[in-house]
1. By how many nm would the segment from D104 to E135 lengthen if fully extended, with 0.36 nm per residue of separation less the alpha-carbon distance?
2. What net charge is computed for the residues neighbouring H109, neighbours being all others with C-beta under 13 Å from the C-beta of H109, Lys and Arg scored +1, Asp and Glu -1?
3. If you take every residue apart from R86 with its C-beta less than 11 Å away from the C-beta of R86, what net charge results, scoring Lys and Arg +1 and Asp and Glu -1?
4. Normalising by the residue count of segment 62-130, find the relative contact order in percent from Cα pairs under 8 Å and 6+ residues apart.
5. Assuming R0 = 22 Å, what is the FRET efficiency of H75 and E113, from their Cβ-Cβ distance, to the nearest 0.05?
Amino acid sequence: MAAFATATPDLDEIGAIMNTREAAEPPHWMQSVALSGSSSVFNFLDESPQAEQRRFRRVPRSVGIVVQPLDEALHESDKAFFAITRDISHGGLAYLSPRYADFDIAVVHMEDEGWSGEVVCRVCNSALVHTNELEQVYLTNLEYLYERFM
């Protein structure tokens with residue numbers, strides 16, 4: 001299993017993480033929140049009857065997030081934008097947004113019930129799931145790579 005670094009990895013490490021097909025472990029901050037017994041979204045992951053039976057169960061959960069696209073050098077490449085999660089697991093999350101994910105890596109900032117954290121994520125895919133004359137909505141799936149300390 002790929003382990004999360006406690007410091008920002010270099011580009012070779014990012015490439016190695018992105019090329020592996022192994023499931024990633026959840027970021028440290030997520031593990032500590034989930035294990036703390038607090039009533040957070042991550043404590044909810046293992047207890048929900050709605051969770052799927054899979055390696056990392058997905059739990060339907062709507063949480064506001066801020067997505068900051070990064071370029072290949074891990075610098076901000078575009079404006080950050082707001083999105084809503086559709087589901088969250090220990091391995092990644094899916095969000096809904098009017099923006100197509102035309103980037104490969106992003107920092108996701110989440111806040112819920114008194115805690116917050118940032119995780120660098122890999123974009124797995126992004127697809128149009130709803131459209132009409134007023135709006136387009138894309139579903140984007142992300143895989144956690146490593147925690148970013150604020």
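Computed from the coordinates by the stated procedures, all read-outs in this text should not be read as laboratory data. Computed from a predicted structure; not experimentally measured. Here the Cβ is made from the backbone with ideal geometry for all residues, glycine too, and neighbour counts use every protein chain on show.
1. 8.8 nm
2. -4
3. Value of the local net charge: +1.
4. RCO, segment 62-130: 31 percent.
5. E(calc), rounded to 0.05, equals 0.10.
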